[in-house]
Amino acid sequence: QVQLVESGGGLVQAGGSLRLSCAASGSIVGVNTMGWYRQAPGKQRELVARISRGGTTYYADSVKGRFTISRDNAKNTVYMQMNSLKPEDTAVYYCNADIVATINKRLENYWGQGTQVTVSS
């Protein structure tokens, strides 16, 4: 069974930094696009950043210049370095990935369980 396991959330003061990690595990043939979404209380889930297997990146305007997404294909892991954090970055951050699992050889979309990021002012 394929799983995405996140780590790295926490509480930080405004201006601080955090690094999120997400590892895909299980019987995996391949991992395509990986990304991070976030959902603040009372708001819709939104795309923060994503990265293709080849390294092409996309960032939401609100995080450009502050967040950096990267990945290690050998470890099926995606990272997101978050600098200059603002209170408005407070949300649950979810890892997302398109994965081909061994069991069915189909490309399917998976979500992690979420990790809380809280930025105090």
Quiz item: Which of the residues that make up the range 62-121 are of a type in the set (D, E, K, R), open to solvent by 60 Å² or more (accessible area, probe 1.4 Å) and at pLDDT 95 or above?
Solution: K64, K75, K86, E88
Quiz item: Filtering the range 38-48 down to residues that are in contact with a Lys or Arg (Cβ under 9 Å, 6 or more places away or on another chain) and not basic (K, R), which residue is least open to solvent (accessible area, probe 1.4 Å)?
Solution: V48
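In the range 24-37, how many are in contact with a helix residue (DSSP H, G or I) (Cβ under 8 Å, 6 or more places away or on another chain) and either open to solvent by 40 Å² or more (accessible area, probe 1.4 Å) or closer than 16 Å to E88 by Cα (or both)?
Just the residues of the range 24-37 that are in contact with a helix residue (DSSP H, G or I) (Cβ under 8 Å, 6 or more places away or on another chain), to begin with: 31.
After this cut, where a residue has to be either open to solvent by 40 Å² or more (accessible area, probe 1.4 Å) or closer than 16 Å to E88 by Cα (or both) as well, the list is none.
Summing the residues that are in contact with a helix residue (DSSP H, G or I) (Cβ under 8 Å, 6 or more places away or on another chain) and either open to solvent by 40 Å² or more (accessible area, probe 1.4 Å) or closer than 16 Å to E88 by Cα (or both) in the range 24-37 gives 0.
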Quiz item: Any residue in the range 2-10 that is touching a residue at least 60 places away in the same chain (Cβ under 8 Å) and on the phi > 0 side of the Ramachandran plot?
Solution: yes
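Would you mind stating whether T56 is β-branched (V, I, T) and within 11 Å of the chain's Cα centre (by Cα)?
Working: β-branched (V, I, T): yes; within 11 Å of the chain's Cα centre (by Cα): no.
So T56 does not fit the description; no.
Open to solvent by 60 Å² or more (accessible area, probe 1.4 Å) and out of contact with any strand residue (DSSP E or B) (no Cβ under 7 Å at 6 or more places or on another chain): is that true of G54 in this structure?
On the way: open to solvent by 60 Å² or more (accessible area, probe 1.4 Å): yes; out of contact with any strand residue (DSSP E or B) (no Cβ under 7 Å at 6 or more places or on another chain): yes.
So G54 fits the description; yes.
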Exercise. Assess whether N96 counts as being over 18 Å from T115 (Cβ atoms) and either touching a strand residue (DSSP E or B) at 6+ places or on another chain (Cβ under 9 Å) or among the small types (G, A, S) (or both).
Key: no
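The values are calculated or read from the model by the stated rules, or taken from the named source; none is laboratory data. Treat the numbers as computed from the prediction; the structure is a model and nothing was measured. A quick note on method: Cβ atoms are made from the backbone with ideal geometry, for glycine too, and the neighbour counts reach across all protein chains shown. Surface accessibility is based on the protein's heavy atoms, side chains included, excluding ligands, DNA and RNA. Shrake-Rupley method; radii C 1.70, N 1.55, O 1.52, S 1.80 Å.
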